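Trainee: The structure is given below, and queries will be raised subsequently.
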Amino acid sequence: MNQIAVVILNYNGQKHLTDFLPSVIQNSSNAAIYVADNASTDKSLELLKTNFPEVKVIALSENHGFAQGYNEALSQIEAEYYVLLNSDVEVTPNWIEPIIDLMKKNPTIAACQPKIKAFHQKTHFEYAGAAGGFIDHLGYPFCRGRIFLDLEEDLGQFNNNQEVFWATGACMFVRAEIFHQVGGFDGDFFAHMEEIDLCWRMHHAGYQVFVCGESEVYHVGGGTLHKSNPYKTFLNFRNGLAMLYKNHPDKGFAKAIFLRLVLDGVAGAKFLFFDTWQDCWAVVKAHFDFYANIRKWHNKRISIQKRNNIKAIFPEKIIWHYFVKGKKKFKDLPKF
């Protein structure tokens, strides 16, 4: 068994593999490196065979998406720690060791991430994880260093190791045993929000999630679905609702679901009048899909051990603090 397995899920990412896999190989001498290919139609597999023979390849028979793709791949890999790494991430020297050391010292840490900084603006944090993720009681995610679209400059303010609510799927270190214990990613999500859902279930099972400020990587972002893609809008809204329904504790559950539905309606109207009708329609389709599968989501909710005292949930409404009170930085939010 490998102690550490770095696993990159790839779909038509030939250019990203060419650009970023060398940094992974150079800086990960203590880990086995895998590329799990989601039935790419470009020349990714040919590139790996020719240019990176030291990398182990798992060729999946179809495109399972991010969530089920990783489930399929990780079922074939034996390791103590998985490092789930996006193909568009440049890693740095000593990016692995501080996180593994932290997790070894604290066996209650199920998942951990480094600081995620922007590849194209390396002085600033990047959207997908920044310096550790949080969530409010309505299911809206935000990060240390990133609230909605506002990204902070890294001035060393988040160089500590700290418990957070979720670790980014762009670079997530996870104990393999616990990943499988809680059921892995929810394959029905396909992509987007699945890492937050996984971390929420880890909290329900009594584990912690951390960010390690001693490690940092650089993420391009938007490599799978562009932010303006209506399908991405559909997945974000459908998966956000499903995640909230599955995981929200019984206390305040009905109110949270009702408010989220109302606020999704407001977002849909905003898309219609200020963005594109395709994004508005994506929100409508997301709700119809959620309602059509409510029994499935309810059965998953019943199977989850629900805890009411998860400390890292922001008890207020992040949209109120951001859009109404104008709080754009993590330090300006009330302590929780």
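The values are calculated or read from the model by the stated rules, or taken from the named source; none is laboratory data. Since we're looking at a predicted model, the values are computed, not measured. Backbone-built Cβ (ideal geometry, glycine too); neighbour counts: all protein chains shown.
Trainee: Restricting to region 295-336, count the residues that are among the aliphatic types (A, V, I, L, M) and within 18 Å of Ile257 (Cβ to Cβ).
Mentor: Looking only at that region, the number is 6.
Trainee: Picking from Ala111, Ala73, which residue would you name as being assigned by TED's automatic domain parsing to the domain that holds Ile178, assigned to a helix (DSSP H, G or I) and in contact with a strand residue (DSSP E or B) (Cβ under 9 Å, 6 or more places away or on another chain)?
Mentor: Values: Ala111 fails: assigned to a helix (DSSP H, G or I).
Being assigned by TED's automatic domain parsing to the domain that holds Ile178, assigned to a helix (DSSP H, G or I) and in contact with a strand residue (DSSP E or B) (Cβ under 9 Å, 6 or more places away or on another chain) holds for just one of Ala111, Ala73, which is Ala73.
Trainee: Just to check your reading of the model, which residue among Lys328, Lys306, Lys311 is at pLDDT 95 or above, within 23 Å of the chain's Cα centre (by Cα) and outside any helix (DSSP H, G or I)?
Mentor: On inspection, the qualifying residue turns out to be Lys328.
For every residue, the table says whether it meets (1) within 17 Å of Phe173 (Cβ to Cβ); (2) buried (at least 17 other Cβ atoms within 10 Å of the Cβ).
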{"residue": "Val24", "(1), (2)": "yes, yes"}
{"residue": "Ala39", "(1), (2)": "no, no"}
{"residue": "Leu48", "(1), (2)": "no, yes"}
{"residue": "Ala59", "(1), (2)": "no, no"}
{"residue": "Glu72", "(1), (2)": "no, yes"}
{"residue": "Ile77", "(1), (2)": "yes, yes"}
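Trainee: Here is a follow-up. When Met202 is evaluated against the numbered criteria (1) in a helix (DSSP H, G or I); (2) within 14 Å of the chain's Cα centre (by Cα); (3) modelled with pLDDT under 95, which criterion, by number, is the only one it fails?
Mentor: In the conditions (1) in a helix (DSSP H, G or I); (2) within 14 Å of the chain's Cα centre (by Cα); (3) modelled with pLDDT under 95, Met202 misses (3) alone.
Trainee: Next up: Filter region 82-92 for residues that are outside any loop (DSSP other than H, G, I, E, B) and not aliphatic (A, V, I, L, M); which is nearest to Asp19 (Cα to Cα)?
Mentor: It comes out as Glu90.
Trainee: Right, something else. Please count how many residues of region 149-169 are in contact with a strand residue (DSSP E or B) (Cβ under 7 Å, 6 or more places away or on another chain), closer than 27 Å to Ala242 by Cβ and part of a loop (DSSP other than H, G, I, E, B).
Mentor: Total satisfying the criteria: 4.
Trainee: Could you list, in sequence order, the residues of region 2-56 that are without any contact (Cβ under 8 Å) to a residue 40 or more places away in the chain, out of contact with any helix residue (DSSP H, G or I) (no Cβ under 9 Å at 6 or more places or on another chain) and of a type in the set (Ser, Thr, Tyr)?
Mentor: Ser29, Thr41, Thr50, listed by residue number.
Trainee: With the requirement that a residue be in a helix (DSSP H, G or I), in contact (Cβ under 8 Å) with a residue 12 or more places away in the chain and surrounded by fewer than 18 Cβ atoms within 10 Å (Cβ to Cβ), what does region 244-263 give you?
Mentor: Matches in region 244-263: Ile257, Leu259, Leu261, Leu263.
Trainee: Could you list, ordered by first residue, the pairs with Cβ atoms under 6 Å in which the first is in region 59-76 and in contact (Cβ under 8 Å) with a residue 24 or more places away in the chain and the second is of a type in the set (Gly, Ala, Ser) and in a loop (DSSP other than H, G, I, E, B), at least 6 apart or interchain?
Mentor: Leu60/Ala39; Glu62/Ala39; Asn63/Ala39; Gly65/Ala191; Phe66/Ala191; Asn71/Gly184
Trainee: Scanning region 93-107 for residues that are touching a residue at least 40 places away in the same chain (Cβ under 8 Å) and either in contact with a strand residue (DSSP E or B) (Cβ under 6 Å, 6 or more places away or on another chain) or part of a helix (DSSP H, G or I) (or both), which turns out nearest to Ser23 (Cα to Cα)?
Mentor: Of everything passing the filter in region 93-107, Trp95 is nearest to Ser23 (Cα to Cα).
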